[in-house]
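Let me begin by presenting the structure, written as structure tokens, before commenting on it.
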Amino acid sequence: MKALKRVVKESEKVFNNVIEGYSKLKGSEMKLDYHDIVILGLLENLINQSKSMILLLENNQHSSLDTILRVIFENYVYIKFILEKDTPLRAKSYTYSTKIKEIELLNYLTEDSLDGYKLRNFLDLKKDEVKKVLTADKMDDKYQKSIRDGYLSEIGMKRTEQKWYNLDGKTKNFKALCLKIDLFVEYNLIYSILSIETHGKDALRNFRIEEDRIDLINMVKSKELYLSMSEMCLMESVKLIYENYGLKGPLKSFNTLVAINYNK
């Protein structure tokens, strides 16, 4: 637990280190581009998920750990893929895809269909409230069309439903993405196992079935699995980001502090 806390603490310095360090390298103040925001935003989410992991483990709450570790792994995979090459294009593809999903959700919330009504009722929202959000954010038909057209023309996608990382037309799912960036072993260790439980396919593992009785049992995977995989995803993400911006000093300090903590 101490190791992950240390990694989280050092990871929280990345944003300032990138801004200050990159500005010094270039001799001028750094202006964040959309791909910088995507990269740092993914890292921020990864850090927050790691904090949630720590909080749950400290309080012996294990029911959501699989889902959190899955999100942590996904964020790491996305950071690695975006920084591998063609970073601006890949980050823009991610941005367009995220905006399209946001548009689809808000449009779904304003539908007069039964499903739209049920969703609004579940979220305790009124249709007029959702429309106000669309208006306030200037998400009118013209804006929505520009986003969809941009995804197709600028990114080169054939359909708006196409996965943002499927730039070559061959990477059609997350499994294929992990294979593409040499994380297939990690995928099999983490994602496949966790997906079974996350999707409810492993429900029977929580019960002991005997001849005339069924007992509910609390099955918890190794605490070290969650901690070590979270640490790996966060550490590797930080290293990739520092390397991307050419920040050798912060990278060296990060590696040294992490190594010291592991050797204690």
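Charge tally around residue 9: other residues with Cβ under 12 Å, Lys/Arg +1 each, Asp/Glu -1 each, net +3.
Would you please state the base-10 log of I(q)/I(0) at q = 0.13, 0.16, 0.24 1/Å for region 1-82, with intensities from the Debye formula using one equal scatterer on every alpha carbon? So the normalised log intensities are -0.49, -0.69, -1.16. Separation of the alpha carbons by more than 19 angstrom is noted, of 99/131; 92/239; 51/101, for 92/239; 51/101.
Protection proxy ranking of 237-246, 150-159, 62-71, by the mean of other Cβ atoms within 10 Å over each peptide's residues and highest first, is 237-246, 62-71, 150-159. Size descriptor for region 73-154, Kirkwood hydrodynamic radius: 14.5 Å (Cα pairs only, one decimal). Net charge in the neighbourhood of residue 170 (other residues with Cβ under 14 Å of its Cβ; Lys, Arg +1, Asp, Glu -1) is +4. When peptides 4-17, 108-121 are ranked by their average number of other Cβ atoms within 10 Å per residue, the highest-first order is 4-17, 108-121.
Every read-out reported here was derived from the displayed coordinates using simple, explicitly stated rules and does not represent laboratory data. Nothing here was measured: the structure is a model prediction, and the numbers come from that model. Because the Cβ atoms are built from the backbone with ideal geometry, glycine has one as well, and the counts that use them run over all protein chains shown.
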